[in-house]
1. Output the number of the condition that Glu163 fails; it satisfies all remaining conditions of (1) part of a helix (DSSP H, G or I); (2) under 20 Å from Lys93 (Cβ atoms); (3) touching a Leu at 6+ places or on another chain (Cβ under 7 Å).
2. Can you work out which of the residues in region 28-54 that are over 16 Å from the mean Cα position of the chain (by Cα) and surrounded by 14 or more Cβ atoms within 10 Å (Cβ to Cβ) is farthest from Glu178 (Cα to Cα)?
3. Identify the residue in region 134-150 that is touching a residue at least 40 places away in the same chain (Cβ under 8 Å) and closer than 23 Å to Lys26 by Cβ and, among all such residues, is surrounded by the most Cβ atoms within 10 Å (Cβ to Cβ).
4. Among the numbered criteria (1) among the charged types (D, E, K, R); (2) more than 22 Å from Val60 (Cα to Cα); (3) touching a helix residue (DSSP H, G or I) at 6+ places or on another chain (Cβ under 8 Å); (4) in a helix (DSSP H, G or I), which one does Glu95 miss?
5. Across region 1-18, what is the total count of residues that are charged (D, E, K, R) and either surrounded by 15 or more Cβ atoms within 10 Å (Cβ to Cβ) or in a strand (DSSP E or B) (or both)?
6. Could you please let me know if Ile56 is within 27 Å of Tyr168 (Cα to Cα) and of a type in the set (Val, Ile, Thr)?
7. Is it the case that region 19-27 has a residue that's more than 18 Å from Asp157 (Cβ to Cβ) and either of a type in the set (Val, Ile, Thr) or surrounded by 15 or more Cβ atoms within 10 Å (Cβ to Cβ) (or both)?
8. Name the residue, out of Ser81, Ser86, Ser115, that is of a type in the set (Gly, Ala, Ser), open to solvent by less than 60 Å² (accessible area, probe 1.4 Å) and over 30 Å from Lys26 (Cβ atoms).
Amino acid sequence: MREKDIYILLSHSGSMFSKAINIYTKQPYTHVSIALDKDLDELYSFGRIKPYNPVIGGFVKENISGGTYKRFPNTRCALYSLKITSKQYKELKKELNKFKRERDKYGYNLVGVVSAAFNYPIRRQYRYFCSQFVSELLLKSGIRLIDKNPSLTAPMDFTESDELECIYVGYLSNILMELSTTN
């Protein structure tokens, strides 16, 4: 029985790094995050720890109206909902809490991003890139959306899952207003 909704947010901020990824992939979205609520208050990923420093990255609780997203007000996005069981939700929260408790251990897996571009998976302890993190977090929670090694998963791979329902496409700055008018 499916009882809970979680959310997958795909985005493209227009930062230098996202533009570089976009040039290589030619895909509309270059970043993925996972949220436990439709208002995106509990939104997590791997990315910039400090909004003005693209070099230092790691596990982050993202804020759609602050931090890095505030620097890039024209961020484009697509929000997907996913229905999961209460057991999967409990596992997801448990796995996510490990990252929250030990956030200082984690860093950004830039080597993994580069190796994934060559279809060569590199798994580094305590290092993730955004789509690797979301994919692995879901797998550890008993949720398999993508039939691919997490170290090779790209943000756009999530759009291929039949289990995800797209509920919004547009600018991130308008997302909450748009979602509130559809309810």
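The values are calculated or read from the model by the stated rules, or taken from the named source; none is laboratory data. Only a predicted model underlies this, so the values are computations on that prediction, with no experimental measurement involved. Backbone-built Cβ (ideal geometry, glycine too); neighbour counts: all protein chains shown. When the accessible area is computed, the model is the full protein with side chains, heavy atoms only, and any ligands, DNA or RNA have been set aside. Shrake-Rupley method; radii C 1.70, N 1.55, O 1.52, S 1.80 Å.
1. Answer for Glu163: the failing condition is (1).
2. Pro54
3. Going through the qualifying residues, I end up with Val134.
4. The single condition Glu95 does not satisfy is (2).
5. 2
6. no
7. The answer is yes; a qualifying residue exists.
8. Residue meeting the stated conditions: Ser86.
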